[in-house]
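Right, one structure below, let's go through it.
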Amino acid sequence: MSTAKHDLACPHLADLTPYQSARRIGGSGDLWLNANESPFPREPMTMDVSEYHRYPDRGPGEVHAAYARYAGLEPAQVLALRGADEAIDLLVRGYCRARRDRILLCGPTYGMYESCAQVQEAGVVDVPLAADDSLDLDAIRAVEDVRVVFLCHPNNPTGNALPCEELEAVIRHFAGRALVVVDEAYIEFCPERSTVPLLARHDHLVVVRTLSKAFGLAGVHVGFLLAGAAVMDTMRKIVAPYPLADPCAQIALHALSGEGIARMRAEVEQLAAERDRFAEALARLPGVVEVRPSATNFVTATFRAVDSAWEALLAAGIIARRLPHPRLADAIRFTIGTAADMARVLQALADLPGR
Ligand SMILES: Cc1ncc(COP(=O)(O)O)c(C=O)c1O
């Protein structure tokens, strides 16, 4: 293979750092609590591979119908993709012109909104969350000229769900001016807070979902874009053919069966109970300053001496997540695992000194 270098890539990509996913950051240990994955292993399943000499067909029709049934929508309002991440990427590509248009996000939040904007050469307006992690509505309303507004609900990495009235106020404010994308990757942990019912009233609203979190299928990487006809028309023009490989479609259909949804709900209940137990115990440790309330499968806590906390976790073989945002420099995010996993975390952090 030639080792000669060339510089034919788009110039704006030269200094771009790839998105630092949990897997890319890596680490050494045996307890992975850094990617908000499910701790529950999936069972083996048999697959019909007889049609694998053809391009996949099951993706569009059956998976859209199954997800629509689950979400209470029409199949035409559902687009199945390679994870919620592909939905975010398509939305930025479909609605932001390079070097002209901008997205709005409210940091600290999920990093892919900014990463996708950088790849597309779109601008980024960051209207930081207020000190209590709520939306700064006045500051959001003061921003002009954005094409896509990303609201992460519940927000990763702070863990809080946003009040419905505030979400609706932002959606109403941007009608006719910008798309409002509500990223509901963790919504199964607070399903009553979903903005999906608002899709009927707002054709500039898009909801992004995934099977990677509550459904426990990160390894299959299937996500959904939920929207009305105008957005779907645009998405169909730019999405690559056959976005869902057939094995992924078969596993998604299994997860979206009555039995699969019941199983997901039981696991969510178990994880939410474990999350609350863990958050309470963590808050009592002397080295912990604050544990943020969470409506998700993770808990973010700030520490008196975060480097010592991190070292203690590494020494115990636990990989959690440090957060790149300056406001969270003293924080660590923990994905909720099994009761035994979380007991190990508490034990690793128990001896950190207080003030
Ligand atoms: C808020 C948020 N949105 C989207 C994603 C990506 O989901 P997917 O695995 O479906 O690409 C994540 C993954 O961590 C996330 O935290």
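Taking the average, over residues, of other Cβ atoms within 10 Å as the packing measure, peptides 304-311, 49-56, 86-93, 186-193 rank 86-93, 186-193, 304-311, 49-56 from highest down. Largest GNM mean-square fluctuation among Ala320, Ala200, Ala142, using the chain with Cα springs under 10 Å: Ala142.
Volume per residue, Å³, of the convex hull around the alpha-carbon atoms of the chain? It would help to have the intermediate numbers written out before the result.
Values: hull volume 58.7 nm³, N = 355.
Per-residue hull volume (Cα only) is 165 Å³.
What number, in percent, do you get for the relative contact order of the chain if the mean sequence gap of Cα pairs under 8 Å and at least 6 apart is divided by its residue count?
Details: 629 pairs, mean separation 76.6, N = 355.
Relative contact order, the chain: 22 percent.
Distant-in-sequence amide contacts of Val124, defined by a placed amide H-H separation under 5 Å and a gap of 5 or more residues or a different chain, comprise Ile103. Report note on the peptides 203-213, 10-20, 38-48: ranked by the mean count of other C-beta atoms within 10 Å, highest first, their order is 203-213, 38-48, 10-20.
Give, in nm to one decimal, the length gained when the segment between Arg141 and His53 is fully stretched (0.36 nm per residue of separation minus the Cα-Cα distance). Before the final figure, lay out the partial values.
Details: separation 88, 0.36 × 88 = 31.68 nm, distance 5.21 nm.
Extra length available between Arg141 and His53 comes to 26.5 nm.
Near the amide H of Phe298, within less than 5 Å, lie the amide hydrogens of Ile336, all on another chain or at least 5 residues away, with H placed in the peptide plane.
Every helix of 4 or more DSSP H residues in the chain counts as -39500 (n - 2.57), and over all residues that averages to -10000 deg cm²/dmol at 222 nm.
Can you sort Cys96, Cys106, Cys164 so the residue with the fewest Cβ neighbours within 10 Å comes first? Let's see the in-between values first.
Numbers: Cys96 22, Cys106 26, Cys164 15.
Listed from fewest to most nearby Cβ atoms, that is Cys164, Cys96, Cys106.
Taking a quarter of the surface of the Cα convex hull of region 122-181 gives a mean projected area of 4.1 nm². Each principal axis of the Cα cloud of region 58-257 was taken in turn, and the coordinate range along them, longest first, works out to 45, 34, 30 Å. The Rg/Rh ratio for region 143-226, using Cα coordinates for both the radius of gyration and the Kirkwood hydrodynamic radius, is 0.98.
Among the helices of the chain, none built from whole DSSP H runs has Cα atoms reaching 27 Å or more along its own axis together with a mean Kyte-Doolittle hydropathy of at least 0.5.
Just so you know, all these numbers are worked out from the coordinates, no wet-lab data involved. Note that the coordinates shown come from a computational prediction; the quantities given were computed from them, not determined experimentally. FYI the Cβ positions are ideal-geometry reconstructions off the backbone, even for glycines, and counts take in every protein chain you see.
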